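S.K.: Structure below; questions to follow.
The values are calculated or read from the model by the stated rules, or taken from the named source; none is laboratory data. These figures come from a predicted structure and were not determined experimentally. Cβ placement follows ideal geometry from the backbone for every residue including glycine, while neighbour counts extend to all protein chains displayed. For the accessible areas, the whole protein counts, side chains as well, though only heavy atoms, and no ligand, DNA or RNA atoms are used. Shrake-Rupley method; radii C 1.70, N 1.55, O 1.52, S 1.80 Å.
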Amino acid sequence: MISKGARITAEQKRWESTVREFGCVLFGNDQGEHGAIQIHHVVGLTAKKDGVLIGPWYILSLHWRLHDPRSSHSMNITNRRKDFLAKYGTEKELFLKMISDMREQGRTIPFGADVLSAIKNSHR
């Protein structure tokens with residue numbers, strides 16, 4: 001959800017679409033028992049680190065049952081964050097693996113080294 005007053009650019013919307021098309025960072029595009037993909041903003045849409053805007057770029061695609069607060073899934077990151085992290089690793093690890101996989105697939109990453117460095121230095 002976008003906070004009041006926050007703006008998302010066309011480039012950021014394209015990034016969200018790219019991440020969604022990538023599929024769940026854990027289960028790929030298997031819609032099976034998990035269902036549709038949702039975007040998880042790791043640190044919030046407007047977050048900055050070291051003066052660099054990272055919020056709209058630092059996102060993960062997750063199956064809805066692993067993200068939606070209405071889900072009772074035992075590994076839902078919104079409701080059971082510690083359990084999710086213990087089982088799947090940190091959000092930063094998942095994000096960096098997603099970026100690496102995207103690059104191997106020849107996908108374009110729309111942000112520069114400054115954003116990636118700030119994400120690597122973030123607390124989450």
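S.K.: Identify, please: which residue in region 12-41 is modelled with pLDDT under 90 and closer than 19 Å to Glu93 by Cα and is, among those, least open to solvent (accessible area, probe 1.4 Å)?
M.R.: Looking at residues that are modelled with pLDDT under 90 and closer than 19 Å to Glu93 by Cα, I get Gly28.
S.K.: Further question on the same structure: Within region 73-119, can you find the residues that are farther than 24 Å from Val52 by Cβ, among the polar types (S, T, N, Q) and open to solvent by 20 Å² or more (accessible area, probe 1.4 Å)?
M.R.: Ser74, Thr78, Asn79, Gln105, listed by residue number.
S.K.: Please name all residue pairs, on different chains or six or more residues apart, with Cβ atoms under 6 Å, provided the first residue is in region 40-52 and is touching a residue at least 24 places away in the same chain (Cβ under 8 Å) and the second residue is in a strand (DSSP E or B).
M.R.: Pairs found: His40/Leu60; His40/Leu62.
S.K.: Go through region 92-116 and give me each residue that's part of a loop (DSSP other than H, G, I, E, B), closer than 15 Å to Leu60 by Cα and polar (S, T, N, Q).
M.R.: none
S.K.: Please find, among Gly44, Gly55, the residue that is small (Gly, Ala, Ser), at pLDDT 95 or above, closer than 25 Å to Thr9 by Cβ and assigned to a loop (DSSP other than H, G, I, E, B).
M.R.: The conditions single out Gly55.
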